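I have placed the structure first, in the form of structure tokens, so that the comments after it can refer back to it.
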Amino acid sequence: MTALPTHRMQEVIADLETVSDKIRALDEAGFQRAEIARFLNKRYQHVRNVLVAPPKKGRGGRAGAAGRGTARKPPMAAHIQVGAGGRVVIPADLRAALEIGEGDILSARLVDGELRLLSPRAAVRKAQDLVRRHVPPNVSLVDQLFEDRRREAEAEADR
């Protein structure tokens, strides 16, 4: 058994109160579930249950009246082993978060030495966000297209 990096783990959980918050923070920092369980003197199943279950609302004072709607789920991370033939298995909790299933096709890109996978749903959201940044909220692109087509039809009819 290897020694746990307890100093680093202590730093990660220094300002946290609840065991669940500590488990989530250590997971986000990249520690494995077994390491977290040993460090916090909890059963592995407890750690797993906390990480699989969605965080309860109103806990930890983060989503109070002032922060309503601003609470964000912590980013998910995993250590993934490359198998035979370069195969990689995406863990179930990450697949659920990405809303992808068996047979779905993902887009893959290499960006600054990172492999980035993009689900079809995430690609649509990115495109919608891009359009929202460049089109004012009170403008209807559909109405503009119809108006352009009407003008073109009128111009052709006048010829």
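Since every read-out is calculated from the coordinates, none of them should be taken as a lab result. If you're wondering where the values come from, they're calculated on a predicted model, not measured in any experiment. Cβ coordinates were reconstructed from backbone atoms using ideal geometry, including for glycine residues, and neighbour counts include every protein chain displayed.
Take the Cβ-Cβ distance between Ala84 and Leu130 as r, set R0 to 41 Å, and report the resulting FRET efficiency rounded to the nearest 0.05. So the FRET efficiency works out to roughly 0.60.
Report the full-extension gain for the segment Asp158 to Leu117: residue separation times 0.36 nm, less the Cα-Cα distance, to one decimal in nm.
Details: separation 41, 0.36 × 41 = 14.76 nm, distance 5.20 nm.
Going from the current span to full extension adds 9.6 nm.
Shown in residue order for the range 25-42 are the 3J(HN,Hα) couplings computed by the Karplus curve 6.51 cos²θ - 1.76 cosθ + 1.60 at θ = phi - 60°: 5, 5, 5, 4, 6, x, 6, 6, 4, 5, 5, 4, 4, 5, 5, 8, 6, 10 Hz (x for Gly and Pro). For Lys126, Lys22, Lys42, the sequence from fewest to most other C-beta atoms within 10 Å is Lys126, Lys42, Lys22. Amide H contacts of Leu16: none lie under 5 Å away among residues 5 or more positions distant or on a separate chain (H built 1.01 Å from N in the peptide plane; Pro and chain starts excluded). Bin all alpha-carbon pair distances of the range 1-56 at 10 Å intervals from 0 and give each bin's fraction as a whole percent. Spelled out bin by bin, the range 1-56 gives 25, 62, 13, 1 percent. Measuring max minus min along each principal axis, the C-alpha atoms of the range 79-136 give extents of 49, 26, 18 Å (largest first).
Once you place label points 7 Å from the Cα toward the Cβ at Arg109 and His7, how far apart are they in nm? In this crude label model, Arg109 to His7 measures out at 3.9 nm. Distance from a point 7 Å along Cα→Cβ of Val52 to each backbone N in the range 89-115: keep the residues under 17 Å and list them by number. Label zone hits: 90-98.
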